[in-house]
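J.: Just dropping this structure here.
The values are calculated or read from the model by the stated rules, or taken from the named source; none is laboratory data. Nothing here was measured: the structure is a model prediction, and the numbers come from that model. Heads up, the Cβs are rebuilt from the backbone with ideal geometry, glycines too, and the neighbour counts pull from every protein chain shown.
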Amino acid sequence: MDEINPGVLTQLITSVQQSPKYAQIAPSLVERIAREELQKRSNFSESVKAVRSRLHQLTGAYLPTKVDYAQWSALLGIQPKINMSFANACYVCTLPPLNACPS
């Protein structure tokens, strides 16, 4: 097996993931398929086409072009991860002054 040029591999992955259709697919899957296709083909354009074709066969036909993450988060009840120290600071800033609290 020929050694794959890391620069060419990176360029291939970037070329494929520029498409919104394939940008949301796990980078590890794209890399795995890109490695396999680079080993089979010497032509870069053919490799890009082959990777896109395989990704479409695996996932592209089933995934929407754009995923509405906010809608899915709300639907699934997932809360976004936030910086708790920042959240605590914001909460503290919204508290009334101590002298305004009822005794």
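J.: If you go through the range 5-58, how many residues are more than 18 Å from the chain's Cα centre (by Cα) and among the aromatic types (Phe, Trp, Tyr)?
T.: 1
J.: Yes or no: LYS66 at pLDDT 90 or above and farther than 18 Å from GLY7 by Cβ?
T.: No.
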